[in-house]
1. So how long is each side of the range 1-117 along the principal axes, counting just the alpha-carbon atoms, biggest first, in Å?
2. Within the range 107-202, what percent of beta bridges assigned by DSSP are antiparallel, to the nearest 5?
3. Show log10 I(q)/I(0) for the range 83-220 at q = 0.17, 0.19 Å⁻¹, two decimals, from a solvent-free Debye sum over equal Cα scatterers.
4. Please work out the C-alpha center-to-center distance from the range 194-210 to the range 128-177 and express it in whole Å.
5. If you take the C-alpha gyration tensor of the chain, multiply each eigenvalue by 5 and take the square root, what semi-axes do you get, largest first, in whole Å?
6. Where both partners of a DSSP beta bridge lie in the chain, what percent of those bridges are antiparallel, to the nearest 5?
7. Could you list the square roots of 5 times each eigenvalue of the Cα gyration tensor of the range 205-252, that is, the equivalent ellipsoid semi-axes, sorted largest first and rounded to whole Å?
8. Only helical DSSP H runs with n ≥ 4 go in: add -39500 (n - 2.57) per run for the chain, normalise by residue count and round the 222 nm mean residue ellipticity to 500 deg cm²/dmol.
Amino acid sequence: MSLKLSDYKTKVPPSTQWCPGCGDFGILSALSQALFELNIEPHKTVIFSGIGCSGRFPHYIRTYGVHVLHGRPLPCALGTKLANPNLEVIAVSGDGDGYGIGAGHFSNTGRRNIDVTYLVFNNEVYGMTRGQPSPTLKLNMKTKAMALPNINDGVNPIAWALSCGYTFIARSYAYATKDLKEILKKAITHKGLALVDILQPCVTYNDIHTREWYEYTIDKEKDMKRLYKLEDTGYDYKVKDPNNEEEVLQKKTQAFVKSYEWGDKIPIGIFFQIEISTYEERISTRYKEYFHKPPALQEIENPLTKTPIKDISKLMETFIV
Ligand code: SF4
Ligand code: MG
């Protein structure tokens, strides 16, 4: 039976729906299309989400989905990918979930380079709890939910990901669904940990960085919009030789510098990509005894005697209280 785009659709009860016009709908549409075009079937895909408006994402798409604790989609995704590398594993967070509560996981998963795709819906506010400033809201910014301007500065997700070891780093925009879909396809097919930071206007609580603000035309004569594509400038994001330290440093440095461009002009697209060994590859080399086959694919029963291959009765005894 051939796959249809409608195979990814599901129904969400009104009590858990996003606000009408929320940027999350653009991300949902782009990811559904990306999976469809890559011919990745719903039952071979698992999506982990944390807490916040983005946490509802698995409810909106008909794949396997797990709505986990605040800031924890990445460790759950990592464990699942290790257990069964045949699954397409995707994690989604909001900027609060991913860059605030899950900050430790963001850094340490980056160091491992597991083959997982991480989407962060970046709207600079905690939307689900009524618009408090999130870790990406910059110093002195003030949204309508705040009594006073932000006393903290915001993190730079692209620069942060670069320093942790993410091997595919991109920024996109929730309403540019076609561009976002193409970036997601590249992130999903990338062998290693991919971060896509998605500028996602929160229509209810962020009244400063709105759809109009992002799509503003800076120069009418030159038809220059605030958001511009890196690929249109000849920007070369891909490391050709991962063993060439000079090239790696040059590509990282240019991505770092570009990531600080913000205001009248904001670059979107892929900032950096490199192909190196994944965590799955390293761990299966080191622990051959356990990873001669991924755990979820190992036989648990002797086919002739129909008895368990591994006796776990002693382990089970430890759970008896
Ligand atoms: Fe979207 Fe903001 Fe509404 Fe949350 S509060 S669903 S981010 S518009
Ligand atoms: Mg948010």
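The values are calculated or read from the model by the stated rules, or taken from the named source; none is laboratory data. It should be emphasised that the depicted structure is a prediction, and the values quoted were computed from it without experimental measurement. Glycine gets a Cβ as well: all are built from the backbone with ideal geometry, and neighbour counts include every protein chain shown. Heads up: the accessible areas ignore ligands, DNA and RNA and are worked out on the full protein's heavy atoms, side chains in. Shrake-Rupley method; radii C 1.70, N 1.55, O 1.52, S 1.80 Å.
1. The Cα atoms of the range 1-117 stretch 38, 33, 18 Å along their principal axes.
2. Numbers: 2 of 14 bridges.
Of those bridges, close to 15 percent are antiparallel.
3. Cα-only, vacuum Debye calculation for the range 83-220: -0.94, -1.12.
4. Answer, in whole Å: 8.
5. Working: eigenvalues 252, 113, 76 Å².
Gyration-tensor ellipsoid for the chain: 36, 24, 20 Å.
6. On the way: 10 of 40 bridges.
Percentage antiparallel, nearest 5: 25.
7. Details: eigenvalues 228, 48, 9 Å².
Calculated on Cα positions only, the semi-axes equal 34, 16, 7 Å.
8. On the way: 11 runs with 96 residues, N = 321.
Result for the chain: -8500 deg cm²/dmol, rounded to the nearest 500.
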